[in-house]
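The values are calculated or read from the model by the stated rules, or taken from the named source; none is laboratory data. Predicted, not measured: the structure shown is a model, and the values here were computed from it. Neighbour counts are summed over all protein chains in view; Cβ atoms, including those assigned to glycine, are modelled from backbone coordinates with ideal geometry. Side chains are part of the model used for accessible areas, which takes the heavy atoms of the whole protein and leaves out ligands, DNA and RNA. Shrake-Rupley method; radii C 1.70, N 1.55, O 1.52, S 1.80 Å.
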Amino acid sequence: MANIDYPIEGSCQCGQVTYKLHEAPTMVLACHCTECQKIATGPFSVTAVIASSAIEFSGELKEWSRTAESGNKSNVKFCPNCGNRIYHFNPEDLSTVKLKLKPVNLADDEVFKPTAHIWVCEKLSWYQIPEGVKVIDRQP
Ligand SMILES: [Zn+2]
Ligand SMILES: [Zn+2]
């Protein structure tokens, strides 16, 4: 991976919510579960797992919450103006956030390159997973 100059910045579609990322994500996952297909309106979602201390958000965020199949709570923060999902977090574990913002407008798009593909058991038939990444049937 090339050297990346932190912080890097990103925003939602309308620009109301912005973020500043100070460190590389600890993990980047491509999730093929049906729930993520809905979120992404595409074949999979890309989620960067980031230490809460490594990212700053600004702008107004709204929140909703759902209980996942595992029983874990997943709270979602989104932009009330354009509706973009910004991140998910577990209210019982605030050490990390799961950034959902699309990897756009970055000087180096390798930051959000998935290192593992998960829930491949629900993958769409026409999508081919690239070579050299970890492939996990369900949850890692
Ligand atoms: Zn927005
Ligand atoms: Zn998923």
Being away from ligand 1 (no atom under 16 Å from the Cβ), surrounded by fewer than 16 Cβ atoms within 10 Å (Cβ to Cβ) and assigned to a loop (DSSP other than H, G, I, E, B) is the requirement here; does GLY71 meet it? yes
Within region 48-57, residues being in a helix (DSSP H, G or I) and either under 14 Å from the mean Cα position of the chain (by Cα) or surrounded by 14 or more Cβ atoms within 10 Å (Cβ to Cβ) (or both) number 2
Does region 47-58 contain at least one residue that is among the aliphatic types (A, V, I, L, M), within 16 Å of ligand 1 (Cβ to nearest atom) and closer than 29 Å to ILE129 by Cα? no
Please determine, by comparing only the residues of region 88-116 that are more than 13 Å from the chain's Cα centre (by Cα) and at pLDDT 85 or above, which one is least open to solvent (accessible area, probe 1.4 Å). ASN90
Return a yes/no flag: does region 3-13 have any residue that is of a type in the set (A, V, I, L, M), under 23 Å from LYS134 (Cβ atoms) and within 13 Å of the chain's Cα centre (by Cα). no
Conditions (1) over 28 Å from ILE4 (Cα atoms); (2) free of Cβ contacts under 8 Å to residues at least 24 places away in the same chain; (3) more than 16 Å from ligand 1 (Cβ to nearest atom): number failed by GLU131: (1)
Which members of region 16-47 meet the condition of being open to solvent by less than 40 Å² (accessible area, probe 1.4 Å), away from ligand 2 (no atom under 16 Å from the Cβ) and not aromatic (Phe, Trp, Tyr)? VAL17, LEU21, PRO25
Quick one: TRP64 ticks every box in (1) within 16 Å of ligand 1 (Cβ to nearest atom); (2) surrounded by 12 or more Cβ atoms within 10 Å (Cβ to Cβ) bar one, so which box is it? (2)
Being farther than 24 Å from TYR127 by Cβ and outside any loop (DSSP other than H, G, I, E, B) narrows it down to one residue among GLU9, GLU60; which is it? GLU9
Return a yes/no flag: does region 129-140 have any residue that is closer than 19 Å to LEU21 by Cα and part of a loop (DSSP other than H, G, I, E, B). no
